[in-house]
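> Please read through the structure below; I'll follow up with questions.
The values are calculated or read from the model by the stated rules, or taken from the named source; none is laboratory data. In this text, all values refer to a predicted model and were calculated from it rather than measured experimentally. With ideal geometry, Cβ positions are generated from the backbone for all residues, glycine too; neighbour counts draw on all protein chains shown. Quick note on the areas: whole protein, heavy atoms, side chains included, nothing else; ligands and nucleic acids left out. Shrake-Rupley method; radii C 1.70, N 1.55, O 1.52, S 1.80 Å.
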Amino acid sequence: MRAVASSSVSGVELEGPVDVCVAVPKLSLDRPFTYLLAPGTGAGVGSLVSVPFHGRTVRGWIIGPAGDVPSGKLLPIRKVRSPVRFFDDAMLRLLRWVSERYIAPLSVVIERSHPPRVADEEGAGWRPVGSAPPPVSTESHRPGPPSFEPYAEGKVAWARPLPGEEASWCVDAVTACVEAGRRAIVLVPEAERLPFTARAVLETCGQDAVSFAGGDPRARYRTWLRMASGGARVVVATRPGVFAPLVDLGLIWVSREVHPGHREERSPSYHVREIAAARARIEGAACVLASYSPSVETAWGVRTGAVGVRRAPRPAERAAAPLIETAKPETEDRSHRLGGLVRSASSGALISTRTGYGVARVCRACGTPAACSLCRGVVVLERGAAVCRACGAPARCVRCGGVVFGVQRGGTERIVQWARGIAHVPVEPGAPDPRGVTPGPGHVVVGTAAMVEDVGPLRLDLVGLLDPDRALARADLHAAEQALAVWMEASAWAGPKTGVGRVLAQTREPASALIQALVRWEPLAALTAIGEERARAGFRPGDPTFRIEGPPAVSLGEHLRGCGAATVLETAAPTGTVCLVALPPEGLEAFRGGVLDLVASGVVTRVEAEPSV
């Protein structure tokens, strides 16, 4: 990819030969095309334009003055479609980095970096991204040094707050950033129930902050335009907010960095953690990854020194840690110890991996093993009806069409029924049940990991982790780190050891490294050990990983090794060849170039970055 023009052209009107990224999402066409821009259009870097392309008119974005002007007559840009500049040079550097890191067309990355355009929201009050910001809106913001403690510019740090204190840590960091004359982005994984940390930042920063979490397309685009015109010093957002168009960026705070909501499911399948770290390096900001238990990648970075650490003194951590005990599960994910704690609790949260009332095993009419008659999926009992967990269809026996099944009881509905029979306070369902309530005083809530949200400081009598062993058995590369993070977030609801609350983890493997990490309230050693296992298998944490497909009967793995892949797992099938590859970050540029050549020659048909394994 040709290097972008210098930052001196940000916000400047261009004319003459310019490079355009056309909105054609094909790796084989992932290069700039040169067009002629007429003077007086008001267009510049980041402008959305219409250009002729192979006999049709397509959208595109100006990415700078032409580097190498091709010989012959240049085709003119047909129309400047919007007065808005959708990126400046600094943002373009980040978008190029994303394109190269995830081997994705730059046009796709640009489209993912901002909400869909709503033309009639654009007006005369909009100013370009690189223009001067408006004056500070409150007297509390004072000019200060370009950096602020305790986070360093251009660096990544893991912040481990004390239980219930992430919001205050985040507010302090954001306030220090703004007082230093910089801007801040706070990224949270959820929008439907705005996390407590997000609410605390919005309330503290007042008119200088905007929420970019959820909302209809018109409202989102209106908010994005406000950010792009300099009308916000603090942005509280979900995943897309990592691309928020802020100048003078000083801080990116990623809350609950292990949460699956921080990973983009569409191509390019980026993780917010990586984009935030890259943007911090490019713009000289601090990137803070906040969590009680970090991801394996962050733990590995702490070990290698690539990631700094901000945590409370160890005596304070030990004093604030919850009291955690273990017990072996018995029938239906229950135990005598759990029953005793539920009977005495005035507040609590019970967390299971399964929803519903139970799993159907056999048809009562003919004895055939239970399976969905449409897709052969698992049949479960939910709200009194047997349904397929895979497709959601009403369940019928695949042999006789019967609708009555023998059920192995166990799940959140069954736990609610059981707990209501012994608790002296109301027992309610939690998320993801539509009727779910939030954990708090005066009731016991039963739910899955989806119930574990940032709800602020709590002091529950009981937190029950009913089946942590089953959570670790999930077929997912990130199952262990996500499970440990959820356990610690939920356990923090019980308060410190010196309080009345306690945590019960029902496990048959109390000596396992992850259970002991929870009990000891220290996750780094267990997560680093997982990182070592991955490294021995050839997939070192933080190394770019790709799933690459090619046509049948092609030595795809051999080609990819020639491009610099360090690890190649190849599978041949009648429909094609699939390779799972990993490589060190320093070899990514050469590997990307080699893969693009293979795409052009037809050897590679599909590239998926960071696949779910």
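> Magnitude of the Cβ-charge dipole of the stretch 402-531, K/R +1 and D/E -1, about the Cα centre, nearest 20 debye?
About 380 debye.
> Spin-label point model (7 Å from Cα, Cβ direction): what's the ALA152 to ARG606 distance in nm?
Placing both labels 7 Å beyond Cα along the Cβ direction yields 4.3 nm.
> Using only the alpha-carbon atoms of the stretch 282-328, report the extent along each of the three principal axes, biggest first, to the nearest angstrom.
Taking max minus min along each principal axis of the Cα atoms, the stretch 282-328 gives 48, 25, 17 Å.
> Figure the gain on full extension for VAL403 and ALA390 (residue separation times 0.36 nm, minus the Cα-Cα span) and round it to one decimal in nm.
Full extension from VAL403 to ALA390 adds 3.0 nm.
> Quote to one decimal, in nm, the extra length available between ASP68 and ILE282 on full extension: 0.36 nm per residue of separation minus the C-alpha distance between them.
74.5 nm
> Sticking with this one: Computing the accessible area with a 1.4 Å probe over protein heavy atoms, can you report the carbon and sulfur percentage for the stretch 273-338?
Summing carbon and sulfur atoms, their accessible area is 52 percent of the total for the stretch 273-338.
> Please give every one of the lysines within straight-line cross-link reach of LYS26, meaning a C-alpha to C-alpha distance under 30 Å, and leave out same-chain neighbours fewer than 8 residues apart.
LYS73, LYS79
> Mind jotting down the distance between the C-alpha centroids of the stretch 169-238 and the stretch 284-354, whole Å?
27 Å
> Next question. Subtract the Cα-Cα distance of GLU111 and ALA535 from 0.36 nm times their separation in residues, and report this length gain in nm to one decimal.
Working it through step by step, the gained length comes to 149.2 nm.
> Zone of ARG364 (label point 7 Å along Cα→Cβ, backbone N under 20 Å): which residues in the stretch 400-417?
Hits in the stretch 400-417 for ARG364 at 20 Å: 400-411, 413-415, 417.
> Could you give the accessible area per residue of the stretch 356-442, probe 1.4 Å, as a whole number in Å²?
52 Å²
> A further question on this structure: Using 7 Å Cα-to-Cβ label points, what is the ARG318/ILE422 separation (nm, one decimal)?
Here the modelled spin labels are 3.4 nm apart.
> Also: What distance in nm separates the two pseudo spin-label positions at GLU509 and LYS26, each 7 Å out from Cα along the beta-carbon direction?
4.9 nm
> Based on Cβ point charges of +1 for Lys and Arg and -1 for Asp and Glu, what charge dipole magnitude is obtained for the chain about its Cα centre, in debye rounded to the nearest 20?
Taking the Cα centre of the chain as origin, the dipole is about 1260 debye.
> Just how large is the dipole of the stretch 557-613 about the Cα centre, in debye to the nearest 20, putting +1 at every Lys and Arg Cβ and -1 at every Asp and Glu Cβ?
100 debye
> Roughly how far apart, in whole Å, are the Cα centres of the stretch 469-505 and the stretch 414-465?
A separation of 15 Å, based on Cα centres.
> Can you run phi through the Karplus equation (6.51, -1.76, 1.60; θ = phi - 60°) for the stretch 461-476 and list ³J(HN,Hα) in whole Hz, with x for Gly and Pro?
Going residue by residue, I get 5, 9, 10, x, 9, 6, 8, x, 4, 5, 5, 6, 7, 4, 7, 8 Hz, with x marking Gly and Pro.
> Follow-up question, since we're still on this one. Just want the answer: with Cβ charges of +1 for Lys and Arg and -1 for Asp and Glu, which residue in LEU289, ALA386, LEU27 is farthest toward the dipole's positive end in the chain?
Farthest towards the positive pole: ALA386.
> Restricting to DSSP H runs of at least four residues, report the calculated mean residue ellipticity at 222 nm for the chain, -39500 (n - 2.57) per run over all residues, nearest 500 deg cm²/dmol.
When only DSSP H runs of four or more count, the value is -8000 deg cm²/dmol.
> Can you pull the accessible area of LYS497 for me, 1.4 Å probe, Å² to the nearest 10?
Spelled out: LYS497, probe radius 1.4 Å, area about 100 Å².
> For the chain, what value does the Rg/Rh ratio take when both radii are computed over Cα atoms and Rh is the Kirkwood radius, given to two decimals?
Here Rg/Rh amounts to 1.00.
> If you don't mind, another one. I'd like the distance separating the alpha-carbon centroids of the stretch 562-613 and the stretch 85-105, in whole Å.
Taking the Cα centre of the stretch 85-105 as reference, the centre of the stretch 562-613 is 21 Å away.
> Take the Cβ-Cβ distance between VAL455 and ALA566 as r, set R0 to 45 Å, and report the resulting FRET efficiency rounded to the nearest 0.05.
The value I calculate is 0.55.
> Whole-Hz Karplus ³J(HN,Hα) for the stretch 108-123, in order, using 6.51 cos²θ - 1.76 cosθ + 1.60 and θ = phi - 60°, x for Gly and Pro?
These are the phi-based 3J(HN,Hα) values: 5, 4, 4, 5, 6, 7, 8, x, x, 5, 10, 4, 7, 8, 7, x Hz.
> Over the stretch 177-243, with every protein chain in place, what whole percent of the accessible area is carbon and sulfur at 1.4 Å, could you tell me?
47 percent
> Find the accessible area per residue for the stretch 222-307; the probe is 1.4 Å, ligands and nucleic acids are left out, and the unit is Å².
25 Å²
> Skipping prolines and chain starts, which residues have an amide H placed within reach, meaning under 5 Å, of the one on ARG606, given they are 5 or more residues away or on another chain?
The answer is GLU549.
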